[in-house]
Structure formats: structure tokens, C-alpha cells
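Novice: This structure is in C-alpha cells; I'll ask about it shortly.
Read the figures in this text as sums done on the coordinates, not as results from a lab. Keep in mind it's a predicted model, so treat the numbers as computed, not measured. Quick reminder, even Gly has a Cβ in these numbers, built from the backbone with ideal geometry, and neighbours come from all protein chains shown.
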Amino acid sequence: MKKKEKIFKEGVRNSVCFGTGEAYFCPMCGSPCNTENLTLEHVPQDSISGKEIILTCETCNNSSGHLYEYDLSKMFKQNEIHKALFGFLDETSEIHRVFFKHGDIHLNADLKKEIMPDGSSFFRIKMLKEHNNPEELRRSSEVLRQISDNKSPFEFSISTSKYNSYKKTNVETAYLKSAFLALTSLLGYSFAFSKHCYHIRLKILGRNSYDYAPCISYEHNGVPKSCILELFEHGSFLVSFEDALVFMPHPLCDISIHNRFLDTLKESGGRMTCNFVLHEFPTSFVGIMDRDKSVAFREDPIQ
């Protein structure tokens, strides 16, 4: 069975258990869909090595890429360049586009970190003929040749922001979407269509009625990566990616418990000792809350 068909059947089964009928609903917009207008969704997104674990409608999948996911890709690209430049990358890097400056010479260039067999490393900088003014290239060649002949040191700067500038709010929304879909894959429609997720869904759809601000940390502080932590006593879930932590509300707890937890977390500087249940990162549309009727059909949130 193809992966798309498998996830579709899982979603239909979760929907039946949840009580919304025999159909697959896009977890983002809530529209009933058939396999033709559904697409495999990477969580986190494909450009940062996400896995296909759930289906969303083609409209939602495409629109989120245009709205904010491209900025997350650019942030990752910028981080990779910084790792290479500052020695945090112990392997040959990919080729990165940078902006080279020496004196009044400004050129577009490709940067690549090379690792030698003995463990030493160097940077290869290639000036691009097709992306630079020919006169600037000629002048730079003359200057660099003189420097090489004299065997003298010289100063230059490399900038990445021209190609990889990004909006922080878009990066946060991209992580919010990934956390929402990861928890939907694990818990099911009981999470996606809970009242706590209403404004989250509006946010990732670009239709937020107010400025919902996701709580995201880029420091793991001992939290394991690529997993989901259930912090029930704090009314929260913590979705842990490779480079970020996203705090989400627990659908079975009053939202005020989650909000108080976030306030306390901020006051403590992001360091707290919490009891948790560890869930493996989902690889498909599991829907454990949908299929456990004693949980999915609880009428009142736990106070």
C-alpha cells in the first residue's frame, strides 16, 4: 500500500472514531478531502529534512510555503553557513552563496568548507562570472594576484544576509505549523479540532483574528530531540525538533493551566524541572486520542 493511501485510511479511521464521519479532513482548514486533492506533508518541512507523516489539502500545503515556510529554509541555510565559518561543522559543507567584500570590491561568490584527510580545513571561495559585473571581477583578480605575489595577509568580509535574510515571525509560524501537525499525527482530530487549537489553525492559515504568539525556544537545555513530551500537570505538550522546542496546549486541560505554565517558564529563564510522558515522534497519522474513546469523547476539559 502506498504511503498516501495508508495515511488516508488512518485519517478516515481516526475521523470515524472522533465522531466526524467516514471522511478524511484536512487538519489545517477542516475541509473533507479525497485522495486527489490531498498532498503528503513533511513534518518539519521538506527543506529541513522532515518526514511525510500526514496529509493536508493541496491549498493549505502550497499556501503555507508561500506565506512563511521559505523563511525557515533561509534561516537553516544561514545557520549552516555560520557553523561552517565558525568551526562547528566537522565535515565538508554544501556550497553556500555569499557576498564577498574587500575594500571597494563587492562580489557574489560561492563558499565551501573543505575537510582534508588529516583533519585540517580550508575555505574555497569562488567568484561567480554569471552573477557579477565583469569590471569588478577583473579588478578583484588583479588585487588578489598582487596579494598572492607579495604573500601578504589581507582583510575581507563575507555577508550572508543578502541571500538568506528571513522574518523571525515567519520562522515561528513555520515551527508552529510543524508542531501542530506533529501533535495531530500523534493525537488525531481530537487535538486538531479542539477549541485550544482554533487560533493556532487561523495563525498557520494566515487568517489569525488576533496576534497569536507561539512559545518557541531555540535552546534544548537537556530536552531530547525529535520527540514529543506530554506535560499533563502543566496543561502542555512540548514538541522537540532538532533546532527548536515548541510549547503547545493540551486539549484535555484548561487553557489557563498552559498559559500559567508559559508565564512561569519565562520567569524562570526557561529552566524548570517537570514530570513528563515521552512520546516518539510520529511516523504516520496515529491518532491515539481519537481511537481511545475514553479520552477523545471526554465532554469537559480537565481542570
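Novice: In the chain, what cysteines have no partner Cβ closer than 4.7 Å?
Specialist: Result for the chain is C17, C29, C33, C60, C197, C215, C227, C253, C274, no neighbouring Cys Cβ within the cutoff.
Novice: 222 nm [θ] for the chain, helices only, -39500 (n - 2.57) per DSSP H run of 4+, per residue, to 500? Let's see the in-between values first.
Specialist: On the way: 11 runs with 112 residues, N = 303.
The helix-only estimate for the chain comes to -11000 deg cm²/dmol at 222 nm.
Novice: Which whole-angstrom value gives the distance between the alpha carbon centres of the range 163-205 and the range 1-45?
Specialist: Taking the Cα centre of each part, the range 163-205 and the range 1-45 sit 17 Å apart.
Novice: Also, quick follow-up: Suppose each label sits 7 Å from its Cα in the direction of the beta carbon; what would the R207-V12 distance come out to in nanometres?
Specialist: 2.6 nm
Novice: In degrees, nearest 10, range 0 to 90: what is the angle between the Cα axis of helix 3-18 and the longest Cα principal axis of the chain?
Specialist: Once rounded, one gets 40 degrees.
Novice: While we're on this one: Classify the chain: rounded, prolate or oblate, from the alpha-carbon gyration tensor (a ≥ b ≥ c, eigenvalue square roots; a/c under 1.5 rounded; otherwise prolate if a/b is larger than b/c)? Walk me through the numbers before you get to the answer.
Specialist: Details: a/c = 2.69, a/b = 2.09, b/c = 1.29.
Here the chain falls in the prolate category.
Novice: Right, something else. Among 61-73, 177-189, how do they line up by average Cβ neighbours within 10 Å per residue, starting with the highest?
Specialist: Working: 61-73: 18.5, 177-189: 26.8.
Averaged packing, sorted descending, gives the order 177-189, 61-73.
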